[in-house]
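Here's the structure we're looking at; comments come further down.
Coordinate-derived values only; no laboratory data. Small disclaimer: the values here were computed from a predicted structure and weren't measured. Cβ: placed from backbone, ideal geometry, glycine included. Neighbour counts: every protein chain shown.
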Amino acid sequence: MDKKTLRSDARRILLCTIAGLIIAVNLRTFIHTGELIPAGFSGVTLLLQTVFRTFFHIELPYSPVYILMNLFPIIISFRKIGKKYTIYSCVVIILGSILTDLLPAYIITYDILLISVFGGLVNGFAIALCLYAGATSGGTDFIAIYFSEHHNVDAWDYVMYFNALVLLIDGALFGWDKALYSIIFQFVSTQVIKAMYKHYQKHTLFVVTDKPAQIAALINRETMHGSTEIDVKGTYQGTPRQMIYSVIDTDELKHVVRQIREADPEAFVNVVKTDSLAGKFHMRPKD
């Protein structure tokens, strides 16, 4: 194993460790104080804890329940998505869940709106760290990624429905105020992730150039995405030109545009945000 790979692995482990710690601290501060329900299996675990505490007077530990629920998705991910990806995710899952049981509860504020907003900010930041490390915080993410990449099914909408069902159950059993504040928590968390992590966002490139073959090869080399060459004509002088059309990941955008400008300083580059995409699009495999 070369030094570059070792540095990359060490960085990913460090990010996953920090993310697991932040998730646990957030659970024991903001989420615990506000009695909020996060998204995914974490929210289901907290709901089960509340149900057993309220109706059966039994205190369920967080880590065994959460790890047990993640067990089957972890097996699927290890076999079908990526081995390293799954191992690093397990660092977050195991460390975060164990620390949740070990760390004492700490009250920062009793203001439920502040708890919802700042708890969502912290949660979104922790999940973004996982994504930067090439991992996930576990649970429904494993399932959604598996169906998206292997069965071409957009499972994220179903994950949203699952989270809504959990909130409905929580609201029906324990009151709608905490369930509604949990929606604020989840919304803020999602916005932070979208702002920090760009991998799942796409942009379309329109490049008018006299070096179409060179630009097309550059895009393919840097992103593994193909492109389309279109014959066009400038209306000012009527000069025949070529335009390269391609869709790339947002996190590759600045680097690719810089490479295009270096290859052809005279190129006219138009970048358009892509909201929806259908058809074959290369997704970098999980390792």
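Counted by Cβ distance under 10 Å from residue 37, the other residues give a net charge of -1, where Lys and Arg count +1 and Asp and Glu count -1. The order of the peptides 64-70, 124-130, 29-35 by mean Cβ neighbours within 10 Å, most packed first, is 124-130, 29-35, 64-70. Residues 132, 161, arranged from fewest to most other Cβ atoms within 10 angstrom of their Cβ, appear as 161, 132.
Only one residue of 274, 76, 46 has its Cα farthest out toward the positive end of the dipole of the chain, where Lys and Arg carry +1 and Asp and Glu -1 on Cβ, and that residue is 76.
Scattering from the C-alpha atoms of the chain alone, worked out with Debye: what is log10 I(q)/I(0) at q = 0.08, 0.11, 0.17 1/Å? These q points yield log10 I(q)/I(0) values of -0.44, -0.73, -1.34.
A simple charge model with +1 on the Cβ of Lys and Arg, -1 on the Cβ of Asp and Glu and nothing else charged puts the dipole of the chain at about 700 debye relative to its Cα centre. Cross-link pairs exceeding 30 Å between alpha carbons, from the set 84/202; 3/273; 4/202; 4/83; 194/233: 3/273; 194/233.
Comparing 206, 138, 162 along the charge dipole axis of the chain, the residue lying farthest to the positive side is 206, per the Cβ-charge model. Of the residues 215, 260, 232, the one whose Cα sits farthest towards the positive end of the charge dipole of the stretch 202-274 is 232 (charges of +1 on Lys and Arg Cβ, -1 on Asp and Glu Cβ, taken about the Cα centre). Ordered by the count of other Cβ atoms within 10 Å of each Cβ, fewest first, 156, 176 give 176, 156.
Counting neighbouring Cβ atoms within 10 Å and putting the fewest first, the residues 243, 224 line up as 224, 243. Please check: in the Gaussian network model of the chain (C-alpha springs, under 10 Å), which one of 71, 46, 36 has the largest mean-square fluctuation. Most flexible of the set in this elastic network: 71. When you count the other C-beta atoms within 10 angstrom of each residue and take the mean per peptide, 244-253, 91-100 line up highest first as 91-100, 244-253.
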